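J.: Please see the structure below; I have some questions.
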Amino acid sequence: MSTTAQIGVTGLAVMGRNLARNFARNGYTVALHNRTASRTHDLVAEFGEEGIFVPTEAAKDFVAALERPRRLVIMVKAGEPTDAVIQEFAPLLEPGDMIIDGGNAHFADTRRRERELREQGIHFVGTGISGGEEGALHGPSIMPGGSAESYESLGPMLEKISAKAKDGAPCVTHVGPDGAGHFVKMVHNGIEYADMQLIGEAYQLLRDVAGYSPGQIAEIFRTWNTGRLDSYLIEITAQVLSHVDAASGEPFVDVVVDQAEQKGTGRWTVQIALDLGVPVSGIAEAVFARSLSGHAALRAASRDLAGPKAAPLSESEAAAFADRVEQALYASKIVSYTQGFHEIAAGSEEYGWDIDLGAIAAIWRDGCIIRAAFLDRIRAAYDTRPDLPSLLSDETFAREIAAAQDDWREVLVAATRQGVPAPGFAAALAYYDALRAERLPAALTQAQRDFFGAHTYRRVDREGTFHTLWGGDRSEVEA
Ligand SMILES: NC(=O)c1ccc[n+]([C@@H]2O[C@H](COP(=O)([O-])OP(=O)(O)OC[C@H]3O[C@@H](n4cnc5c(N)ncnc54)[C@H](OP(=O)(O)O)[C@@H]3O)[C@@H](O)[C@H]2O)c1
């Protein structure tokens, strides 16, 4: 076997196969491997013309086909399969070689794997990849972690196969050491959950409050996609809503069961945010909304609960309402990204990753599921002020929210009055109002805690920690 391949991919299901083709189409010689050898041979049979592939069956042949230092990409089912594949290949590798895990791994697993492999001198590069199977083939957004040294060797290759933003910049950057890449991919997916939930709420309000049909709502989304909401998710929403089911002749959205899945990265984003103490309420509401939708029996048992049944709005009222929903959606979206970037900043601080938030916004501008014109502006906000405490502190976003807030509130009033759930819009507005509040009821919470558990409190007017003798004469003592 000649040692010619610049990169190898093991795990040739939809993602691995398309990633391998992407490398080959960009001129790299790609070694191929899969547990079940037929996938390897199928790829070569179907797409062998696209570039130079080196198909292998045995692990040792796969490793032998790679030039040194070896670059070995794992694209298998995340979790135990990733560990199984590492155990199979690591003993065959040498110091300086790189294992790139492109699966959706939990960043804590990535940190563990990186630590273990570092002892053998192997670079483990946990890499977030977003864009689904189309992205893997034509250019995904890529979020590699791992050592800076590994990025020197890998970076140029990843830049070549990645999506390119409108200004030509590749949608890849060295996110930070060990698990930083998978952490950022996790938050990307959390934001994706929130984006989808907010779009879903906008759709339902336009349908149930304004009285529009799915086809009419598709047109509204199409218009929105020419403005500041311009994004992949808005674009596909218009396409989905205008699709008519061939079998029934009904709008496609009406024949799909309304129970969504919530697993993996969206849930992890919320779990980790709880550990880090970061309020990602918009993402959490999105995860909970999916989980509520899946409780079919509970929903069936609750269907007769009392609630308003409102008449649809008049044509002119509906058009005005649609404009308001656009404002509410945009403002809520700013809040979701504010929360997501806060979580990245907190993770970066906790694990010492030194993540450049502007660079993250830049690599999400194309290739990934949340790609949007809006991300250019987030990047600009962090470029102008890298120490921005929150996106809401950026003058432009603050001004836009100020302009949107009346409509945002009105939309929530209408939703509440007419009994249409809008937990994402509501959570976003509550977050915004909580941040701007002069005083929060946390003062009362602290007083209660001191009452029942002597948990103590601090005062606004002098330094120190205090406890009130609630069971006695209610005098205050220094704790
Ligand atoms: N699908 C997406 O849109 C998307 C987007 C971003 C990231 N990802 C991530 O990319 C990775 C690959 O995704 P996918 O959808 O292409 O494939 P997948 O369905 O998650 O996994 C199938 C692949 O894993 C291999 N595999 C499973 N268990 C194994 C084991 N114990 N040992 C060795 N190989 C094993 C399979 O080999 P056999 O052929 O032998 O069964 C097959 O190649 C996953 O981690 C996924 O989360 C997916």
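J.: Taking the conditions exactly as written (over 23 Å from the mean Cα position of the chain (by Cα) and assigned to a loop (DSSP other than H, G, I, E, B)), does VAL413 satisfy them or not?
T.: In short, no.
J.: Can you find a residue that is under 24 Å from GLY347 (Cα atoms), touching a Cys at 6+ places or on another chain (Cβ under 7 Å) and either part of a loop (DSSP other than H, G, I, E, B) or away from the ligand (no atom under 16 Å from the Cβ) (or both) anywhere in segment 148-161?
T.: no
J.: Report, by residue number, each residue of segment 1-34 that is crowded, with 23+ Cβ neighbours inside 10 Å and outside any helix (DSSP H, G or I).
T.: ALA5, ILE7, GLY8, VAL9, THR10, GLY11, LEU12, VAL30, ALA31, LEU32, HIS33, ASN34
J.: So for segment 53-60 (the condition being at pLDDT 95 or above, polar (S, T, N, Q), more than 8 Å from the ligand (Cβ to nearest atom) and over 30 Å from ILE272 (Cβ atoms)), does at least one residue qualify?
T.: yes
J.: What's the total number of residues in segment 416-452 that are within 18 Å of GLN204 (Cα to Cα) and not in a helix (DSSP H, G or I)?
T.: Result for segment 416-452: 4.
J.: Being touching a residue at least 12 places away in the same chain (Cβ under 8 Å), under 13 Å from the mean Cα position of the chain (by Cα) and either surrounded by fewer than 23 Cβ atoms within 10 Å (Cβ to Cβ) or in a loop (DSSP other than H, G, I, E, B) (or both) narrows it down to one residue among ILE360, ILE369; which is it?
T.: Every option except ILE369 fails the conditions.
J.: Also, I was wondering about something else. Report, by residue number, each residue of segment 35-78 that is assigned to a loop (DSSP other than H, G, I, E, B), surrounded by 15 or more Cβ atoms within 10 Å (Cβ to Cβ) and hydroxyl-bearing (Ser, Thr, Tyr).
T.: Result: THR56, single match.
J.: Can you tell me how many residues within segment 382-395 are in a helix (DSSP H, G or I) and exposed (fewer than 13 other Cβ atoms within 10 Å of the Cβ)?
T.: 2
J.: If you check every pair at least six apart or on different chains, which have Cβ atoms under 7 Å apart with a residue in segment 255-273 that is over 26 Å from PHE341 (Cβ atoms) first and a residue that is outside any loop (DSSP other than H, G, I, E, B) second?
T.: ASP258/SER293; GLN259/SER293; GLN259/ALA296
J.: Would you point out the residue of segment 407-448, among those that are touching a residue at least 24 places away in the same chain (Cβ under 8 Å) and charged (D, E, K, R), that is nearest to GLN339 (Cα to Cα)?
T.: ASP407
J.: If we keep just the residues of segment 294-323 that are over 35 Å from the mean Cα position of the chain (by Cα) and among the small types (Gly, Ala, Ser), which is surrounded by the most Cβ atoms within 10 Å (Cβ to Cβ)?
T.: Across segment 294-323, the extreme among qualifying residues is ALA310.
J.: Can you tell me which residues in segment 320-350 are more than 17 Å from ILE283 (Cβ to Cβ) and either free of Cβ contacts under 8 Å to residues at least 40 places away in the same chain or not in a helix (DSSP H, G or I) (or both)?
T.: If the condition is that a residue be more than 17 Å from ILE283 (Cβ to Cβ) and either free of Cβ contacts under 8 Å to residues at least 40 places away in the same chain or not in a helix (DSSP H, G or I) (or both), then ALA320, GLU349 are the ones that fit.
J.: For segment 43-77, name all the residues that are without any contact (Cβ under 8 Å) to a residue 40 or more places away in the chain and small (Gly, Ala, Ser).
T.: Answer for segment 43-77, where residues must be without any contact (Cβ under 8 Å) to a residue 40 or more places away in the chain and small (Gly, Ala, Ser): ALA45, GLY48, GLY51, ALA58, ALA59.
Here's the yes/no breakdown for (1) surrounded by 15 or more Cβ atoms within 10 Å (Cβ to Cβ); (2) more than 20 Å from CYS368 (Cα to Cα); (3) basic (Lys, Arg):
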{"site": "GLY227", "(1), (2), (3)": "no, no, no"}
{"site": "GLU235", "(1), (2), (3)": "yes, no, no"}
{"site": "PRO251", "(1), (2), (3)": "yes, yes, no"}
{"site": "ALA289", "(1), (2), (3)": "yes, yes, no"}
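J.: Do you know which of the residues in segment 61-84 that are among the charged types (D, E, K, R) and within 13 Å of the ligand (Cβ to nearest atom) is farthest from GLU152 (Cα to Cα)?
T.: Looking at the filtered set, the residue picked out is GLU80.
J.: Among (1) of a type in the set (A, V, I, L, M); (2) within 14 Å of the ligand (Cβ to nearest atom); (3) surrounded by fewer than 24 Cβ atoms within 10 Å (Cβ to Cβ), there is one condition ALA169 misses while meeting the rest; what is its number?
T.: The failed condition is (2).
J.: Next question, about the same structure. Looking at THR237, THR269, THR223, which is the one that is assigned to a helix (DSSP H, G or I), under 20 Å from LEU205 (Cα atoms), hydroxyl-bearing (Ser, Thr, Tyr) and under 21 Å from the mean Cα position of the chain (by Cα)?
T.: Only one candidate qualifies: THR237.
J.: Follow-up question, since we're still on this one. Hey, among ALA105, ALA84, which residue is of a type outside the set (D, E, K, R) and in contact with a strand residue (DSSP E or B) (Cβ under 9 Å, 6 or more places away or on another chain)?
T.: Matching residue, one of ALA105, ALA84: ALA105.
J.: Right, next: Check off (1) buried (at least 20 other Cβ atoms within 10 Å of the Cβ); (2) more than 24 Å from LEU375 (Cβ to Cβ) for PRO140 and give me the number that stays unchecked.
T.: Condition (2) is where PRO140 drops out.
J.: Filter segment 15-29 for residues that are over 24 Å from LEU93 (Cα atoms) and away from the ligand (no atom under 15 Å from the Cβ) and give the result.
T.: Across segment 15-29, the qualifying residues are ARG25, ASN26, GLY27.
J.: List every residue pair whose Cβ atoms lie under 8 Å apart, where the two residues are 6 or more positions apart in sequence or sit on different chains, the first residue falls within segment 30-42 and is within 8 Å of the ligand (Cβ to nearest atom), and the second residue, located anywhere, is among the charged types (D, E, K, R) and part of a helix (DSSP H, G or I).
T.: Listed pairs, sorted by first residue: ARG39/ARG17.
The values are calculated or read from the model by the stated rules, or taken from the named source; none is laboratory data. In this text, all values refer to a predicted model and were calculated from it rather than measured experimentally. Ideal geometry is used to build each Cβ from the backbone, glycine not excepted, and the neighbour counts take in all protein chains shown.
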